[in-house]
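These notes are about the structure you will find just below.
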Amino acid sequence: MAAKAEFIWFNGEIMPWENAQVHVLSHAIHYGSSVFEGVRAYNTPKGPAVFRHPDHTKRLFDSAKIYRININFSADEIMESTRELIRRNDLKNAYIRPAAFLGDIGLGLRANPEAKSDVVIAAFEWGSYLGEGSLEAGVDVGVSSWNRLAPNTMPTGAKAGGNYLSSQLIAGEAGRHGYAEGIALDIHGQISEGSGENIFIVRNNVLYTPPTTAGILPGITRDTLTILAKELGYEVREESIAREALYLADEIFMCGTAAEVVPIRSVDGIQVGEGKRGPVTEKIQKMYFGLFSGETEDKWGWLDYVNS
Ligand code: PMP
């Protein structure tokens, strides 16, 4: 599905989508100096609401801080502009992509520490990232021959554009092998994450997910599902997971803002559990999507209503 809407927000102004342009010699294009977020808004019974909006905005600013990228807007300005953009585009469900990047500031690698970044917010309709029907049917995945980044090369805790070169290698290889997604190991050979999703393994009704030291992006959906799973009475363990655990799991699911909660039915051609969405995954999915339908009470104040 092509990313497109009528309006886009660029450096403080809402403008026609086509008008948000950058120069071909932008620093970010040549050196990857960008940070971004992926956020979703859902059409709830009280109208469109942005999910965990302050948390995503905080992560955008945290990513920028790590790379010393100056964002010349406050978190509140970014969030208000996002709500305004959703209203202007008349969106009910939306994928939201804020980004801050170094633009036309010259090609010196070491950016002037005072340089202001360009900031963009796009909001448009986007369906299930891993394909129509993936949420029920599940997907087939393979372990990637590419490892995730080493912690002392590029920090995976920052959601930086450059990290997605690693993701492109993982996702591209998976696609060529006929898989919907690849699962990367970290540099120690333990399970890390998908190219754009975190992972949970279920065995004997206990949930396991790799720790932040496993070269992962600490996902906001991962955090949400951990909280929801505990609400449902499950034990959730954040610990190092060996590759073979993928083959012996009762259930596996991946999660992320774009991908949402996706069951995995096979890894490397080996069937996971019954080879279809398992009962724990289904319960967690139901509770997650219930937040947006109103069936799950939003005790945490995670919904930022666009029209209030
Ligand atoms: N890992 C990677 C590499 C990602 O790109 C994403 C998507 N942002 C995630 C994990 C999941 O993060 P979140 O749940 O915050 O979207």
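State whether one or more residues within the stretch 189-196 are more than 13 Å from the ligand (Cβ to nearest atom) and surrounded by 17 or more Cβ atoms within 10 Å (Cβ to Cβ). Within the stretch 189-196 (the criterion being more than 13 Å from the ligand (Cβ to nearest atom) and surrounded by 17 or more Cβ atoms within 10 Å (Cβ to Cβ)), the answer is yes, since at least one residue qualifies. Do we have Y288 as at pLDDT 95 or above, closer than 19 Å to G138 by Cβ and open to solvent by less than 20 Å² (accessible area, probe 1.4 Å) here? Taking the combined requirement at face value, the residue satisfies it. Taking (1) without any contact (Cβ under 8 Å) to a residue 60 or more places away in the chain; (2) more than 11 Å from the ligand (Cβ to nearest atom); (3) under 23 Å from R40 (Cα atoms) in turn, I227 satisfies each apart from (1). A search for C-beta distances below 7 Å between a residue of the stretch 26-45 that is farther than 12 Å from G161 by Cα and any residue that is more than 16 Å from the ligand (Cβ to nearest atom) and in a helix (DSSP H, G or I), counting only pairs 6+ apart in sequence or on different chains, returns A41/I86.
Matching residues to (1) within 19 Å of G275 (Cα to Cα); (2) within 15 Å of the ligand (Cβ to nearest atom); (3) of a type in the set (K, R); (4) touching an Asp or Glu at 6+ places or on another chain (Cβ under 9 Å):
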| position | (1), (2), (3), (4) |
| --- | --- |
| R203 | yes, no, yes, yes |
| I220 | no, yes, no, yes |
| Y234 | no, no, no, no |
| P263 | yes, no, no, yes |
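Among the residues of the stretch 130-175, the ones that are surrounded by fewer than 16 Cβ atoms within 10 Å (Cβ to Cβ), among the small types (G, A, S) and within 24 Å of A28 (Cα to Cα) come to 2 in all.
Of these, H23, H27, H53, which one is open to solvent by 20 Å² or more (accessible area, probe 1.4 Å) and on the phi < 0 side of the Ramachandran plot?
Numbers: H27 fails: open to solvent by 20 Å² or more (accessible area, probe 1.4 Å); H53 fails: open to solvent by 20 Å² or more (accessible area, probe 1.4 Å).
Exactly one residue qualifies, and that residue is H23.
For the stretch 103-117, the criterion of being under 25 Å from N70 (Cα atoms) and buried (at least 22 other Cβ atoms within 10 Å of the Cβ) is met by at least one residue.
So is I183 within 23 Å of R277 (Cβ to Cβ), touching a strand residue (DSSP E or B) at 6+ places or on another chain (Cβ under 6 Å) and within 12 Å of the ligand (Cβ to nearest atom) or not?
Values: within 23 Å of R277 (Cβ to Cβ): yes; touching a strand residue (DSSP E or B) at 6+ places or on another chain (Cβ under 6 Å): yes; within 12 Å of the ligand (Cβ to nearest atom): yes.
For I183, the condition - within 23 Å of R277 (Cβ to Cβ), touching a strand residue (DSSP E or B) at 6+ places or on another chain (Cβ under 6 Å) and within 12 Å of the ligand (Cβ to nearest atom) - is met.
The values are calculated or read from the model by the stated rules, or taken from the named source; none is laboratory data. Just so you know, these numbers come straight off a predicted model, no measurement behind them. Note: ideal-geometry Cβ built from the backbone for every residue, glycine included; neighbour counts use all protein chains shown. Just the protein is used for accessible areas: all its heavy atoms, side chains included, with ligands, DNA and RNA removed. Shrake-Rupley method; radii C 1.70, N 1.55, O 1.52, S 1.80 Å.
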